[in-house]
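Data block below; observations after.
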Amino acid sequence: SITQPLTSGSIPSVPSFLLLSPHKPIIPELLKTHGMVTAADNSNCWSIWDVVHRGWDSVKFFPGYQLPVPGHPGRSSFYLTAPKTTAWAEQWLKAHRDQRFFFWVHYMEPHAPYNEPPAYDRFKSPDDFPNLDDTSGEGGPELENLAKLQNPHAIRRLQELYAGKILY
């Protein structure tokens with residue numbers, strides 16, 4: 001199934017409607033013609049599709065939700081792959097430091113849900129829905145709906161939550 005890569009770490013097969021044109025080169029294909037080594041370190045199965053099969057010398061895929069963090073609030077099992085992603089990136093960079101390279105590192109942490117621990121939610125203001133967050137799975141959708149209606153306080157609160165997640 002299409003969700004199998006999320007739990008196994010395998011590279012997904014590509015539905016034909018998502019295939020990129022073989023007549024249009026992608027970045028690693030272009031850079032390899034100029035002698036560059038290419039690698040992708042990715043934890044988002046939705047961003048790799050057939051891209052991983054085209055021109056990369058190295059590809060590492062970390063499933064987006066396999067690292068539950070004890071004591072992390074709310075939906076802690078989503079998008080906490082940075083330690084594994086960073087560790088592999090550091091190893092790859094050390095091994096290729098004397099080469100010309102292009103290295104794509106894709107982190108999931110900047111994506112919703114914005115569920116950082118409360119200590120990192122330090123950008124909130126009393127005017128911007130300070131009691132709504134994304135740790136329960138309820139506040140995030142409410143904020144998103146209000147933001148779609150151009151509510152400036154909801155938009156600001158989402159920015160505050162994003163900043164906290166990045167800080168975390």
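Here, each number is a calculation from the coordinates, and none is a lab measurement. All values reported here derive from a predicted model rather than from experimental measurement. So basically every Cβ, Gly included, is an ideal-geometry build from the backbone, and we count neighbours across all protein chains shown.
The stretch between ARG54 and HIS96, if pulled fully straight at 0.36 nm per residue, gains 13.1 nm over its current Cα-Cα span.
Candidate cross-link partners of LYS84 among the aspartates and glutamates, defined by an alpha-carbon separation under 14 Å and a same-chain spacing of 8 or more, comprise ASP41, GLU109.
Ordering 99-109, 21-31 by mean Cβ neighbour count within 10 Å, with the highest value first, yields 99-109, 21-31. Remark: the LYS148-LEU30 segment gains 38.6 nm on full extension, using 0.36 nm per residue and subtracting the alpha carbon distance.
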